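Before any comments, here is the structure.
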Amino acid sequence: MMRSRNAWLTTAFVLVAIIALGTSAIVMTAARATEVKMPSGDATRGAAIYESNCIGCHSLDSNRVGPAHRGVFGRKAGSAPGFAYSTGLKKAKFAWDAARLDAWLTNPQAYVKGAKMGFRLSDAQRRADVIAYLKRESGK
């Protein structure tokens, strides 16, 4: 009887270990699959894209329909002085970096609930270029 109990415990332990290892392998694979490498951005191209797509609502140095962008790279979201942000951006607890700006420019409303910005920049290379421009203009 003792031998069969030990065999059962050993079998159960092995099954639990296999399931745990299999689950962690699946999770790790899924995590790697969601990592997307951003293309390298070019600030000069980004300046031209910014001028043709963003300048209608934004400026580097003054708030307009959207907040001023100089210094946005590394700045806490929802904190440009004197701009009336959405509740979602006011409550945001992150600073803008390349990955966050990329997600924002891809789909602002999906990234921050209640975001006012309706513009999307669907092309990954163009987003990378604008982000490189904003980074340069932020002195980073």
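The values are calculated or read from the model by the stated rules, or taken from the named source; none is laboratory data. If you're wondering where the values come from, they're calculated on a predicted model, not measured in any experiment. For accessibility, only protein heavy atoms count, side chains too; no ligands or nucleic acids. Shrake-Rupley method; radii C 1.70, N 1.55, O 1.52, S 1.80 Å.
Distances between placed amide hydrogens fall under 5 Å for Ala95 paired with Ala77, all partners being 5 or more residues away or on another chain. Counting only protein heavy atoms and a 1.4 Å probe, region 86-134 has 52 square angstrom of accessible area per residue.
Out of the total accessible area of region 51-140 (probe 1.4 Å, heavy atoms of protein only), what percent is carbon and sulfur? Please list the in-between numbers first.
Working: 2560 of 4800 Å².
Carbon and sulfur together cover 53 percent of it.
Backbone phi angles across region 90-97, fed through the Karplus curve with coefficients 6.51, -1.76 and 1.60 (θ = phi - 60°), yield HN-Hα couplings of 4, 8, 4, 10, 8, 9, 6, 10 Hz in residue order; Gly and Pro are listed as x. Of all aspartates and glutamates in the structure, the ones whose alpha carbon falls short of 19 Å from that of Lys76, not counting any fewer than 8 places away in one chain, are Asp61, Asp97, Asp102, Glu137.
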